[in-house]
Amino acid sequence: MKIVTIDSSQFDSFADKHQYRNYYQTSKYGNVMSNFNYEIRYIGVMDENDTMLGASLLLLQNSVMKTKLAYAPRGILFDFTDSLKVDELVETLKNDLGKEGIVSLRMDPAIPMTIRDGKGNITNINNEATMIDENLKKAGFTYKGATLYFETEKPRWEALVILSKDIREIYKMFDKRTRNKINKAINCGVEIYRDDQKNFAPLYEFIKTKNAKPFKFYKELMNHFGNNADLFYAKLNTEIFVINSKKLYEDELINNERLAEQFQNLAKQNDDRRDIFNKKVLSDKLLNIYKSNLIFATNVLKENPNGLIIAGGLNIVYDNAAFSIIDGFHQNFRSLNANYLLKWRMLCDYKNENLKYFNLNAISGNFEKNNKYIGLNEMKLGYNAMVTEYIGEYDIILNNFKYGLYKNFNKEK
């Protein structure tokens, strides 16, 4: 077995046919990352007959003493079920890459360990995953562990909405709160459109404080993935926003006056009087809220007569599926639930385009109510999403001597 450098077309030809192919392991993603201080290397794992057994995109970072750190995002693409081949792969990596000054390798193969429902119950198990984990550890890889949160380079838990059923059936399976929020967004005047001009600037305003990646990263992503990069926006129709806000206020005003009249007409000893009083108190609160909302909506209309973008999302389409990359919304309009309607429109579009599923990206693997990421989980799982638990992240030292120098230098810093 030997490691050779291959060109991008050779790599894509192998990677596109692999069982665990993914958009991170593509030359398009490599082209994106080449703009961010990474040396891009495509490697092939060859047997004695020069047959390619495996391949990977490696992101190399220069470190101290002419050393390099390697990361195989959602790779390496290789058969890890064969323990003898895994042992040989490790020795080959150490001999061929370690001698080049690549001191360590990190990888997180796109190998599912379990499939779960929205409550975290296991519905399917990849029987090979345990064997793969044991083979990797035995060969010298250090396992990051069965992490539940976001401790690794790529998320270990992701939520996917399967698009095989009729779109009406898909909608019926949503959580009731999700359907209510979608309807509220529609009633408030939120409208969704696909931005064919790929103007990422409005979305970046919503995400720049929560995400470490620079604006340029997303522009490069859209540039290299081209027609496979989809940008959606939620725009508030400010006229409809005012009309509906006014209607809510006026309807509640009528209800409030009716309750006040009922309360006055009931005798003090009437048992229903307390119930009417409680309803009147609640109506008073709603009336104040709707009045404030109407004032807010009126001001928004004055400042934005042509509407206002309040949410957006960027997706990548790969291998007959869509993958959410990033999304965000205007915090001042959080209550309008534009992000819920946004995802629903994405699902509808991708269903019409005959995609297999929509990957909503990362969630937490903790399904308990006290989970600090419970809001993130409930939002994504509310679309009747299933959960994929990936095998996780592994590290291996390829050159012990130079890795020691690297670690010592970092301690001194």
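The values are calculated or read from the model by the stated rules, or taken from the named source; none is laboratory data. Bear in mind the structure is a predicted one, so any value in this text is a computation, not a measurement. Cβ atoms come from the backbone with ideal geometry, glycine included; neighbour counts cover every protein chain shown. For the accessible areas, the whole protein counts, side chains as well, though only heavy atoms, and no ligand, DNA or RNA atoms are used. Shrake-Rupley method; radii C 1.70, N 1.55, O 1.52, S 1.80 Å.
A few remarks follow.
- Taken together, Ile182, Ile115 contain a single residue that is surrounded by 17 or more Cβ atoms within 10 Å (Cβ to Cβ) and not in a loop (DSSP other than H, G, I, E, B), which is Ile182.
- Flag set for Asn370, criterion: closer than 22 Å to Ile122 by Cβ and either open to solvent by 60 Å² or more (accessible area, probe 1.4 Å) or of a type outside the set (Gly, Ala, Ser) (or both).
- Checking Leu58, Leu77 one by one, the residue that is touching a His at 6+ places or on another chain (Cβ under 8 Å), closer than 30 Å to Met222 by Cα and modelled with pLDDT of 95 or more is Leu77 and no other.
- Condition met for Leu301 (assigned to a helix (DSSP H, G or I) and buried (at least 19 other Cβ atoms within 10 Å of the Cβ)): yes
- Residue satisfying all of: in region 164-202; touching a helix residue (DSSP H, G or I) at 6+ places or on another chain (Cβ under 6 Å) and of a type in the set (A, V, I, L, M, F, W, C); modelled with the lowest pLDDT among these: Cys188
- Note on region 152-168: among residues that are over 16 Å from Ile391 (Cβ atoms) and open to solvent by 20 Å² or more (accessible area, probe 1.4 Å), the one that is nearest to the chain's Cα centre (by Cα) is Ile162.
- Residues satisfying the criterion are absent from region 385-397 (criterion: of a type in the set (A, V, I, L, M), surrounded by 17 or more Cβ atoms within 10 Å (Cβ to Cβ) and closer than 24 Å to Cys188 by Cβ).
- Screening Asn31 on (1) polar (S, T, N, Q); (2) in contact with a strand residue (DSSP E or B) (Cβ under 6 Å, 6 or more places away or on another chain); (3) buried (at least 16 other Cβ atoms within 10 Å of the Cβ) shows it passes everything except condition (2).
- Filter result (under 30 Å from the mean Cα position of the chain (by Cα) and open to solvent by less than 30 Å² (accessible area, probe 1.4 Å)) within region 34-47: Tyr42, Ile43, Gly44
- Scan of region 48-66 for residues that are surrounded by 13 or more Cβ atoms within 10 Å (Cβ to Cβ) and either among the hydroxyl-bearing types (Ser, Thr, Tyr) or more than 28 Å from Lys213 (Cβ to Cβ) (or both), ordered by number: Met52, Leu53, Gly54, Ser56, Ser63
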